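Q: A single structure is presented below for examination.
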Amino acid sequence: MAAQYDLTSKMIPFLDLHLVFPLLEFLEINELFYTPTTLLEARYELSLKTSMIDFIDKLHGELKDAGVTPAPIELVERRKEILDKLQNSQAEAQKVMDVIENPEVINALRQDKLQNLQFLKDNYGMTAEMIQTLYKFGQFQYSCGNYGGAADMLYHYRVLSTDDTLGLSALWGKLASEILVGNWEVAFEAVQELKEIIDKTHFASPLHQLEQRTWFLHWSLFVFFNHPKGRDAVVDLFLQPAYINTIQTSCPWILRYLTAAVVTNKRRKNLLKELVKVIEHETYQYRDPITEFVEALYVNFDFDLAKQKLAECEEVLENDFFLVAIQEDFIQNARCFISETYCRIHQKIDVAELSQTLNMTKEEGEKWIVNLIRDTKVDAKIDYKENTVLMNNNTQSVYQQIIERTKGLSFRSQVLATSIEKREAAQLKAAQHEKNHPSTAVPETATKA
Amino acid sequence: MSRFFRAGESDSDESDSDYSDELTHSESEDHSDSDSDNSSSDDDDTAKKTGGRGRLFEGSMSDSDSEDDTVRVVRSAKDKRFEEIEQAVTSMINGQKINDWVSAQNEFDRANKGLQKAAGIIAQSGVPKFYIRAVADLEKSIQAALEKEKSSSKKMNASNAKALNSMKQKVKKNNRLYEKEIQDYEKDPENYVEEEVVEEKPKAKKAKKVVVADSEDDSDVEAADDGFTPVGAGGKSVEFNQENIYKKLKEVADARGKKNTNREDQVRILERLLVVANSPYQKIRVLLALTSAQFDFAIGASGYMSIPLWKNADKYLNSLLTLLEANPDYIIKEDVPEVEETDKDLVPQNGEPVYIQGSLVAFIDRLDDEFTKSLQNIDPHTTDYVDRLKDEVGLYSVIVRSQAYFTRIHLTDSISRTTMRRLEHLYFKPDIVIVAVENATAALLPASVARPHQDSSVLIHDLCVFLYKNATSLLRTRSMLCHIYHHALHNRFFVARDMLLMSHLQETIHQADVTTQILHNRAMVQLGLCAFREGMIKEAQTCLQDISGTGRVKELLAQGLSPQRYGAATPEQEKLERQRQLPFHMHINLELLECVYLTCSMLLEIPNMAQAGSNPDGRKKVISKPFRRMLDYNSRQVFSGPPENTRDHIMGAAKSLSNGEWQKSIELINAIKIWELMPEAMKIKEMLGHKIQEEGLRTYLFANASHYSSVGLDQLAKMFDLPLASVISIVSKMVWNEELSASIDQVSNVVVLHHVEPSKVQSLALAFAEKAAGFVEGNEKLLELKTPQQAERPKKGANANKEQATGKQQQQRTMGPRGGRAGRNQFNNGLGNSVRGGRK
């Protein structure tokens, strides 16, 4: 059932070759949707495009074990070729590295890239081409699966290079490397940096920028759902107009992650309204249990449907590479949402029924409600005899209303008074004889009933 | 002498004067008979020619006119006029007796002139009998004279013979007008004059035409060709041959646009040339000239090219395209250097194509424009219109054909222009029609040129995508609008909406030209109708608001002229507006549009009004002004009869909806006949019924909340015939949105309504607080007024509330945000953006 909600195939076009491996592995391990052999084959096909010889070899072997005989490949030759290339570029890059790692040089480097370049050129004979080798070497290492090294090289390249376009792709490379290494802290920084660059750069066509943003949205998922601060960042970032537009235009499925992030994010409840609007408008393009859950709850107020969708959500989340980690969290928060909405609308609630709505037993439900009352300061009481929850009427009292209405009056009058005084002073200065004509406005003394 | 006549005199343009001469003749006999214009223009050529010649004599006669007035006797106007005529007639009879045709002709003309002067009198009392007798006799004696002339050996002198000849023609033509009278006379020549019975209808309709062609002899034809010098004495077949074809062409081309050029002759020459021409090059050249000659004809009073001429042009254009298809080495281009020796047959040599100067795309444009113009001018409720519309297939096939041709020779600009034309012929049509047109076109054209498209959406998509990629920005905009219209027509609301938003058309449409703005308005309206069909009431209302809400729908959609208030428009503006009108078959049904708009407004406005209740702030929030106005007007009436038109029905439905009588409301809405024009009318009625139930429930709750302390959900469901679940959903939504201060008691399944009934002191306190706030605000405003330089500060407090309020209102009216690449979120402001397509 959940196969239709699998987004892997939709997302792959927007990911880097190497980033796809973890996704496929996840599917393979959990034995989801596809037969393991097809997945293995897919991974093998992918790996052929990389330079990860050992990995190819391994997959080749696994495929054979699985009973599929892939086309024979000239592994030995390729390995030699790749190793040669690796050595060559390493040697070239080493020259640059030697210079850079020299403590004297490190001390001499400044903020200004051009100046640095000049300095290196004058003192060490480094040219732009030589710096380019760093980029190439990094790229090659990445292709070989040596992500750590690649990240390193690309970092150095970015420090020295003045080429914007290559700098951008180096940053992409660095982000990918950090993601694959699992170095979330650094990756998070890279994401922020990348975002700034994408927003600032003037691309030749809006389409190009859209493409970059789409990629960015996909890649950043890796970071955001692994970094502790990630979920805040997802909400912050994805709800920005530019990115919401990107989601709507080119990749509506990202809505799932945005929704999940908003739901699990306790502090951002006011964002929910915005999210609901977006979801409502994308329903014709994209829907899955997660967005449907929000829709049922906040658009149709259909608690039964919400309950049903929540159960479906559980399954979908379990099968999603990115969201599997927050599944528990999501369910908790979703229940919280349901009960909160429920309480706001209802005055008297049957505990048994509420527990059922939340997919819980009666005892659990009662506990849950007690916790809810305690945590969120909902003004409610449980009637044990009737087994109901009574919500207290929380309409604003008249006194409250009057206080609200007259709150600003004294301040405003004060402002008025000072401005009149100022004006008078100015008038006095300007023309002494006009002193006897103050403005008609008399300062209003604030009235508080 | 009529003013027409004078105008004809001074106008030196040959064909025009021919025409006005016709007028003169009929005018001279009769002012009131309007038929004569049309019928006389149907006369064949010879009659016209001789008429034309006769005019010269008439002109020369006008000098001697004044002599008669020497004797000043007071007589009645009638007598005076008739006496004049009688005098002339008598001298004419004398002249013809002594065989002096010159003087007879002069007198005849004078008599006619007199008759013309007396037109007013004649209209009352009829043509004088003596005149009829004289002209009838005259015809006979002319015939006799001619017979005698032929048989006798002695020739009469030249001027006399000429006068006789022209008399013959003139009299024949003249007498046709009085056919009936003459017949009467001939039945009883003796008593005719004596009969003093005044005929009520002096003018008989000219039922039949007398065939004039019988007596046409050589000299007549010569005379007909008089204005055309190049024709020599030799026969015509020798005249046009291979050798002089280019010379003739050049002559025709040179004569074009000059004074005294007879276009008909030009066309005739060209037609003969076409017969003679045998090489493709010659044919193409002649056809090019011929097609443009067709377009050169004066438009005349009807305001459009006459249909036979249009068909000719269509025919020639088609044969030109056939020729070009058959001879791919000949290419017509606009920017070809003028070839020096135009009198040689150019043949493509070793693969080098021959370039000929000309602009096919201009022909296509003109042909299409003329077609539209004719449709604008023909009354759409006649069979003429339908007949004319049948020509569209032909036109469409020419467009498709030329598009294929341009594609072959890679003229991008021309391709886009023709593609656009093609698109504009298609976008508003339903699928079946498009497929039919495509099939018919494919049948007309060779298979190599056009293949029929079976899927209209694919066809439209292809055309549009081509234009997006290749065309200029104006054409891109137009094609985008056509595409949106097409999507909306096919109920693809979201696709259409996204296209509209992503293209950011609404931001720039105000700078576009008026016709594009009209197209935009059309697309918006169609989008609104689409939303309505899909059951998205709010969206539909927003889309239609700015167009239907203005009361200038006709003008905004170019579907008829709206009545001008205070004569605001100058004639030029009105003329321009007239030119922009869409042909009838492209119209969007305005009554249906109004009906949809009002229904949407009702569904939104009635709950809104109920919610506002007596609260003055809420009252201000108006969703649809026209609807409120109508409702107010309707409820002010003392007696309201049963609903007659659409509007009455909707107003009635609105009233019963606000009273909670949803069944009656549904009945009234369903009784509207115009829904039948919608596809799947039943489904729409069903949808409307459902919406009315829901809105009825909401209205009921808003209106009656204060009278209940709790309402059973089951009861509500029963009352409004809705499932319990949807009642709960609706109530929950109202509670959640804080529209209704209530909450649901789940255990006993009731809605508990919270009343905040303030005590006397409390309400006074509230009022006091309100007053105080008002005071402060007033003071702030005053200060702001007095000190303009400090205007910013007080604003903060005073206007913040207002801004908030408007913001909220806007939010409620939105269709919700959707971004485009950068700011699809402006949809809320945007969708309502209609454009004043009217005068600029």
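Q: Between residue A:428 and residue A:9, with labels modelled 7 Å along Cα→Cβ, what's the label distance in nm to one decimal, could you check?
A: In this crude spin-label approximation the distance works out to 8.3 nm.
Q: Please rank B:316, A:155, fewest neighbouring Cβ atoms within 10 Å first, as an exposure proxy.
A: The most exposed by this proxy come first: A:155, B:316.
Q: Estimate the FRET efficiency between residue A:350 and residue A:400 by the formula 1/(1 + (r/R0)^6), using the beta-carbon distance for r and 22 Å for R0, to the nearest 0.05.
A: The pair residue A:350/residue A:400 has a calculated efficiency of 0.10.
Q: Show me the chymotrypsin sites (Phe, Trp or Tyr not before Pro) within the range A:275-332 that DSSP assigns to loop and that have at most 10 other Cβ atoms within 10 Å of their Cβ.
A: Passing both the DSSP loop test and the Cβ count: no residue.
Q: Over 27 Å between C-alpha atoms is what I'm after, so list which of B:168/B:247; A:277/B:621; B:538/B:655; A:309/B:685 land there.
A: Listed pairs above 27 Å: B:168/B:247; A:309/B:685.
Q: Another question, if that's okay. Cross-link list A:348/B:733; A:58/A:80; A:273/A:307: which exceed 22 angstrom alpha carbon to alpha carbon?
A: Beyond 22 Å between Cα atoms: no listed pair.
Q: Which length gain, in nm to one decimal place, applies between residue B:410 and residue B:306 when the Cα-Cα distance is subtracted from 0.36 nm times their residue separation?
A: Going from the current span to full extension adds 34.1 nm.
Q: Using a ≥ b ≥ c from the Cα gyration tensor of the range A:346-391 (square roots of the eigenvalues), is it rounded, prolate or oblate, where a/c under 1.5 gives rounded and otherwise the larger of a/b and b/c decides, a/b for prolate?
A: oblate
Q: Same structure again: On a 25 Å Cα-Cα criterion, which of the cross-link pairs A:229/A:367; B:554/B:575; A:381/B:718 come out too long?
A: Beyond 25 Å between Cα atoms: A:229/A:367; A:381/B:718.
Q: Loop only per DSSP, at most 15 neighbouring Cβ atoms within 10 Å: give me the trypsin sites (Lys or Arg not before Pro) in the range A:222-268, ordered by residue number.
A: Answer in residue order: A:229.
Q: Here's something else I'd like to know. What list do you get for B:680, B:738, A:280 if you sort them by fewest beta carbons within 10 Å?
A: B:738, B:680, A:280
Q: A further question follows. At 7 Å along the Cα-to-beta-carbon direction for both residue B:511 and residue B:706, put a label point, then send me their distance in nm to one decimal.
A: Roughly 5.3 nm, to one decimal.
Q: For the range B:358-395, list residues with backbone N below 13 Å from a point placed 7 Å from the Cα of residue B:326 toward its Cβ?
A: none
Q: Further question: Which distance in nm do the two modelled labels at residue B:622 and residue B:384 give, with both placed 7 Å along the Cα-to-Cβ direction?
A: 4.4
Q: Multiplying the sequence separation of residue B:443 and residue B:659 by 0.36 nm and subtracting their Cα-Cα distance, what value in nm do you get?
A: Length difference between fully extended and current span is 71.7 nm.
Q: Would you mind ranking B:538, B:390, A:362, B:173 by Cβ crowding within 10 Å, fewest neighbours first?
A: If I rank by nearby Cβ atoms, fewest first, I get B:390, A:362, B:538, B:173.
Q: Rounded to the nearest 0.05, what FRET efficiency is calculated for residue A:192 and residue A:266 with R0 set to 25 Å and r the Cβ-Cβ distance?
A: Plugging the Cβ-Cβ distance into 1/(1 + (r/R0)^6) gives 0.65.
Here, each number is a calculation from the coordinates, and none is a lab measurement. Here the structure is a predicted model, which is why all the values come from computation and not from measurement. All Cβ positions, glycine included, derive from the backbone under ideal geometry; neighbour counts span all protein chains shown.
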